[in-house]
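Only one structure is covered here, and it is reproduced in the block below.
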Amino acid sequence: MVLSGVPKRPEIPMKEFAEALCVTPALTFAFEPELFAVAEKAGQMIYEAMPDSKAALQLDVLASLLTGHETAHAPMTQKPSLPKAASQTA
């Protein structure tokens, strides 16, 4: 994982970075300072602050790569509710 596009910071080209570590990065994260600031200020995770942002979707892909589970196709913005049959008491 590499963060790229950070202004006023020297950036090592992806190819040189990968060669120096003898690895291929799984993915690259674009620098989204507004998103990171909003999430930090609210005490939230990136996915909670802006579920449709590039960073949230990229984190979803990274989690999928690490766990072997499929990515969520659509961000879940609300908690799932129980099906009616499961929520009824006998």
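Annotations for the structure displayed:
- Inter-site label distance for Ala63 and Met14 at 7 Å from Cα along Cβ, in nm: 2.3
- Counted charge near Lys41, where neighbours are those whose Cβ lies closer than 13 Å (Asp, Glu -1; Lys, Arg +1): -3
- Per-residue 3J(HN,Hα) values for the stretch 27-41, derived from phi via the Karplus relation 6.51 cos²θ - 1.76 cosθ + 1.60 with θ = phi - 60°, read 6, 10, 9, 6, 7, 10, x, 5, 4, 5, 5, 4, 5, 5, 4 Hz in sequence order (x marks Gly and Pro).
- Interchain or long-range residues, amide H under 5 Å from Phe29's placed H: Val2, Leu3, Ser4
Bear in mind that the values in this text are calculations on the coordinates, not laboratory data. Model, not experiment: these values are computed from the prediction. Virtual Cβ from ideal backbone geometry, glycine too; neighbours counted across all protein chains shown.
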